Structure formats: C-alpha cells, structure tokens
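The values are calculated or read from the model by the stated rules, or taken from the named source; none is laboratory data. Predicted, not measured: the structure shown is a model, and the values here were computed from it. Every residue, glycine as well, gets a Cβ built from its backbone with ideal geometry; the counts of neighbours run over all protein chains shown. Accessible surface areas use protein heavy atoms only, side chains included; no ligands, DNA or RNA. Shrake-Rupley method; radii C 1.70, N 1.55, O 1.52, S 1.80 Å.
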Amino acid sequence: MKKTALIILAVVLVTACQNKHQQLQKEIELRRTALKHHQDSALAASQKDVERLDRELQQASAEYQRLKKAADAAHANGTGTAEQFKEVTFMRLKRDSLQAQFDATCSKIKYIRKRMEEDKEEKQP
C-alpha cells in the first residue's frame with residue numbers, strides 16, 4: 001500500500017513539474033516576443049529622432065558658421081557688438097547640444113541593433 005502511494009505521489013510530482021516547465025517556457029517565449037516588439041519600436045523611434053536631429057544639426061551648423069563669419073568680420077573692423085558675440089556663443093551651444101543628442105541617439109541605435117543580433121544568436125543552436 002505504501003509503495004503504491006509513493007508511486008502515485010511520484011507520478012503526480014513529475015506531472016506537476018512538467019506542467020510548470022511548459023508554463024514557464026510559454027512565459028519565456030511571450031517575453032521574448034514582447035522584447036522583440038519593444039526593440040523594433042524603440043529602433044524605429046530612434047531612427048526618426050536621428051533624422052530629425054541630423055536636419056536640425058545641419059541647420060544649426062550652417063547658422064553658426066554664418067554668424068561666426070559675420071562676427072569675425074565685425075571684430076576685424078572693430079564694429080563687433082557684445083550682442084553679436086553672445087548670439088554666436090548661444091548658437092555654438094545649441095549646435096553642440098544637438099551634436100550630443102545626435103551622438104547619444106546613434107549610440108542607442110547601435111546598442112539596440114547589437115542586442116537584437118545577440119538575441120538572434122541565442123535562439124540559434
């Protein structure tokens with residue numbers, strides 16, 4: 001009687017472990033799917049940000065060069081004003097800020113792509 005009860009208990013435990021394992025495997029797969037969707041959406045959003053930042057950076061760089069050239073010419077003539085030099089400084093700050101944002105977003109894209117590649121390699125045996 002005791003042997004039968006032990007055998008039944010062992011069968012129930014093995015079955016319960018198998019069910020729990022299957023449930024955990026399904027949860028893992030759901031999380032992988034969610035991660036892929038999150039990575040795809042983050043990548044798309046970051047790529048749009050890079051495009052926008054690139055346009056703004058080019059405009060800011062061109063404006064900075066224009067202002068700097070005018071300020072340098074005014075300085076050489078002795079007609080430069082503090083307001084003019086202040087404007088050049090602020091434009092340089094804006095350009096540098098945009099450059100930092102651009103670099104950070106590019107690094108984010110690079111990291112996302114690296115992680116996506118690692119995830120692909122993990123799935124393949």
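Miscellaneous remarks
- Heavy-atom accessible surface of the chain: percent carbon and sulfur, 1.4 Å: 58
- Cα-based helix-to-principal-axis angle, 82-123 vs the chain, degrees rounded to 10: 20
- Residue-wise HN-Hα coupling along the stretch 69-77, computed from phi with Karplus coefficients 6.51, -1.76, 1.60 (Hz; x: Gly, Pro): 4, 5, 5, 5, 5, 5, 5, 5, 7
- Here the 3J(HN,Hα) profile of the stretch 11-26, calculated from phi with Karplus coefficients 6.51, -1.76 and 1.60 at θ = phi - 60°, is 5, 5, 5, 5, 4, 5, 5, 5, 5, 5, 4, 5, 5, 5, 5, 5 Hz, Gly and Pro shown as x.
- Residue 80 long-range amide H proximity, modeled H, under 5 Å: 75
- Dipole of the chain, positive direction: furthest Cα of 75, 17, 5, with charges on the beta-carbon: 5
- For Kirkwood radius over Cα pairs in Å, calculated from these coordinates, the label among [x] 20.0; [y] 16.5; [z] 18.4: [x]
- GNM flexibility winner over the chain from 33, 79, 89 (Cα, springs under 10 Å): 79
- Range of Cα positions in the stretch 1-51 per principal axis (Å), largest first: 75, 8, 5
- Residue-averaged [θ]222 nm for the chain, counting only DSSP H segments that reach four residues, each worth -39500 (n - 2.57): -35500 deg cm²/dmol
- The modelled label-to-label distance for the pair residue 42/residue 66, using points 7 Å beyond Cα in the direction of Cβ, is 3.8 nm.
- Accessible area of the chain divided out per residue, in Å², using a probe of 1.4 angstrom: 81
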